[in-house]
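Data first, discussion second: the structure below is written as structure tokens.
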Amino acid sequence: MRTLLANYSVQTWVSALTGATIVGLVGVLPLFIFPNEQSKKDKPYLELLLSVAVGSQLADVFLHLLPEAFSHPHASSTYIGLWTLIGLFIFFIIEQIFSQVHYNQNLNYKSCKITHRKSKTTGYLNLLANFIDNLTHGAAIGGSFAVSPLIGVTTLVGIIIHEIPHEIGDFAILLQSGFDRCQATKAQFITGLGGILGASMALCYSNFLHSTLWVLPFTSGAFLYVALVKTVPDLLKENDLKHSFRQLIGVLGGLLSIYFIVIYVG
């Protein structure tokens, strides 16, 4: 273990872990962005940001995660497709287990309480996917600082810019799932610790980035499940023209934000 730690200087370790911590703290930003609308019957702002979440997650999958996986020198289209499907079905199985456990625990309660508990499953699934995503970001930060401070800083800035719209969407999903603002903020902070773990693993094990090619497509499958299976159905419950237009604007906003970040930041 001492040999692994000695491979890089203290400055490299401090820089990488500090960068990963900063990325993790981006998840706390939505607390200062979201208005407190819990007392309002209509929540157009939350609906808009849920739509942004769908757009940003889909764009993250098809414009960032999967292209990055395919660009790997050892990438295989069949392998990537398989792990994407595995991620999707693993999250389907996890949801079924969560739902069944919550149903059995609350069988003697009113049905509204059961529905509330089951809806929180969406938030837990999204947190799991987000933790894995943060793990890969932390690994990228750790690997970049291991090469040079300049590459580390540029990678860190790119990830922070990319994460801001993504974390806002995640926060909206947590609120929709039944988390209050404080719970959602704490959950976002905890998933951010995945970045510190990823950075540490990247610095400890030089082949870490090459041995986790499956993580990117697996995370893609997880985000596809959360966006299309769990979030879109909630949006489709409102089908009048005003709500549909608001949702369209939100989805396009999420797509375009990730698109421009990928094109101009990388």
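The values are calculated or read from the model by the stated rules, or taken from the named source; none is laboratory data. The shown structure was predicted, so the numbers you read here are calculated from the model rather than taken from an experiment. Heads up, the Cβs are rebuilt from the backbone with ideal geometry, glycines too, and the neighbour counts pull from every protein chain shown. In case anyone asks, the SASA skips ligands and DNA or RNA and just uses the protein heavy atoms, side chains included. Shrake-Rupley method; radii C 1.70, N 1.55, O 1.52, S 1.80 Å.
Some notes on this structure:
- Between Ile263 and Val232, the simple label model (points 7 Å from Cα in the Cβ direction) yields a spacing of 2.4 nm.
- Remark: accessible surface ordering of Trp13, Trp83, Trp214 (largest first) is Trp214, Trp83, Trp13, probe radius 1.4 Å.
- 3J(HN,Hα) along region 147-158, derived from phi through the Karplus expression 6.51 cos²θ - 1.76 cosθ + 1.60 where θ = phi - 60°, amounts to 6, 6, x, 5, 5, x, 5, 5, 5, 4, 4, x Hz, with x in place of Gly and Pro.
- Cβ-Cβ FRET estimate between Val14 and Leu248, R0 fixed at 45 Å, reported to 0.05: 0.50
- Multiplying the residue separation of Gln96 and Trp214 by 0.36 nm and subtracting their alpha-carbon distance yields 40.1 nm.
- Counted charge near Leu216, where neighbours are those whose Cβ lies closer than 15 Å (Asp, Glu -1; Lys, Arg +1): -3
- Among the protein heavy atoms, those of Val52 account for about 30 Å² of accessible surface (1.4 Å probe, every chain in place).
- Maximal additional length on extending the Phe89-Leu193 stretch stands at 34.9 nm, based on 0.36 nm per residue less the C-alpha distance.
- Ordered from largest to smallest accessible area (heavy atoms of protein chains, 1.4 Å probe), the residues Tyr225, Tyr264, Tyr124 come out as Tyr264, Tyr124, Tyr225.
- Under 5 Å, built H, 5+ apart or other chain: amide partners of Tyr205: none
- Sequence-distant aspartates and glutamates (8 or more away, or on other chains) whose Cα lies within less than 18 Å of Lys237: Asp42, Glu47
- His74 accessible area, assembled protein chains, probe 1.4 Å, Å²: 140
- Full extension of the chain segment joining Leu256 with Ser76 gains 62.0 nm, where the gain is 0.36 nm per residue of separation less the Cα-Cα distance.
- Region 114-266, accessible area per residue, ligands and nucleic acids excluded (1.4 Å, Å²): 43
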